[in-house]
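Written below as structure tokens is the structure these notes are about.
Read the figures in this text as sums done on the coordinates, not as results from a lab. None of the values given here were measured: they were computed from a predicted structure. All Cβ positions, even for glycine, are placed from backbone atoms using ideal geometry, and neighbour counts span all protein chains on display.
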Amino acid sequence: MRKPVIAGNWKMYKLVSEAVSLVLELKPLVANANHCEVVVAPPYTSLRSVADRLEGSGIKVAGQNLCESAEFGARTGEVNGAMLRDAGCEWVIIGHSERREFSSENDALVNAKLKAAMKTGLRPIVCVGERLEEREAGRAEEVVRSQVTGSLGSLTPDEAMPIVVAYEPVWAIGTGRTATPEIAQSMHASIRRFLMEQFGNKTADLMRILYGGSVKPDNIKALMAQRDIDGALVGGASLDARSFAQIVNYPG
Ligand code: 13P
């Protein structure tokens, strides 16, 4: 059984006071959500304040990125895995398409960040997803296959098993244009096949694959009804406690 993960990626939104208000409102709304793991990913500046407010709740905290070096050192502007742990994170998002686009992250760097995360005991959510022109050119599967194999390269099945993969088609992010449940399911099934080729059936069967891209309270149920969709990585709708709680509480 794969336990669903519902994660909110706050991107570059929320000052500390706003972040604190959001989680204080969210906490009681998802207090009974035992059917899934709930994660929020505030910007670096709010991590500690949010983690303090969430202590003892079931909600876990994620970083949105980390440095590929697990060491301490002269890397101005960078934050390593140990610092994220120290700020209260258990999880980290790696290789989000916005980082691939605006910070030139490629699969090799994503793979290095993944290894740094694992070294520091963070639970990684690795993002993949094709751009619109790649889908229109019929290359979506090929692009995602190479992101999956490149980003998760040279890991053993045991190392790969706890990694969460998030499929976020770039054309569905922030556009209100969600992939239909059928399109999402079809790519998720392909991703699981790529994971099987790389790590074997047993491991791939246990790995969770999240969908991200305009997930809202009104489409979560249909997405979660698909057999290979094991949760969601939510952007815009996670910035509002009620809408994120509705997404978390999708079964009832
Ligand atoms: P939206 O839910 O705003 O489309 O963002 C998705 C996303 O990028 C989550 O990481």
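The table for this structure:
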| quantity | calculated |
| --- | --- |
| Size of charge dipole - the stretch 130-209 - debye, nearest 20, with Cβ of Lys, Arg +1 and Asp, Glu -1, no other charges | 120 debye |
| Global form of the stretch 203-252, assessed from the alpha-carbon gyration tensor, a/c cut-off 1.5 | prolate |
| Of Lys60/Lys115; Lys3/Lys60; Lys27/Lys60; Lys11/Lys60; Lys115/Lys202; Lys3/Lys221, pairs whose Cα-Cα distance is over 19 Å | Lys60/Lys115; Lys115/Lys202 |
| Dipole moment magnitude, nearest 20 debye, the chain about Cα centre, only Lys, Arg, Asp, Glu C-beta charged | 400 debye |
| For Met1, net neighbour charge (Lys/Arg +1, Asp/Glu -1) across residues whose Cβ lies under 11 Å away | +1 |
| Extent along principal axes [Cα atoms of the stretch 147-249; Å; largest to smallest] | 39, 23, 22 |
| Average projection area in nm² (convex hull over Cα atoms of the stretch 56-102, one quarter of hull surface) | 4.0 nm² |
| Spread of Cα-to-Cα distances over 10 Å intervals beginning at zero, given as percent, for the stretch 41-183 | 11, 39, 33, 15, 2 |
| Rounded to whole Å, sorted largest first: equivalent-ellipsoid semi-axes of the chain, Cα gyration tensor | 25, 23, 17 |
| Relative contact order of the stretch 27-85, defined on C-alpha pairs under 8 angstrom at six or more residues apart (%) | 30 percent |
| FRET E, pair Asp205, Thr175, Förster distance 30 Å, beta-carbon r, rounded to 0.05 | 0.40 |
| Pairwise centroid distance, computed over Cα atoms, of the stretch 1-56 with the stretch 85-131, Å | 18 Å |
| Residue order, fewest to most surrounding Cβ atoms within 10 angstrom, among His188, His96 | His188, His96 |
| Which of Arg53, Arg99 has the fewest Cβ neighbours within 10 Å, and the rest in rising order | Arg99, Arg53 |
| Helix-only mean residue ellipticity at 222 nm for the chain, each DSSP H run of n ≥ 4 adding -39500 (n - 2.57), per residue, nearest 500 | -12000 deg cm²/dmol |
| Amide hydrogen neighbours beyond the local backbone of Arg123, cut-off 5 Å, H modeled | Trp91, Val92 |
| Between the stretch 217-237 and the stretch 137-159, the Cα center-to-center distance that results, in Å | 22 Å |
| Over the stretch 1-94 - Rg/Rh using Cα atoms and the Kirkwood inverse-distance radius | 0.99 |
| DSSP-loop chymotrypsin sites (Phe, Trp or Tyr not before Pro) across the stretch 66-129, with at most 13 other Cβ within 10 angstrom | Phe72 |
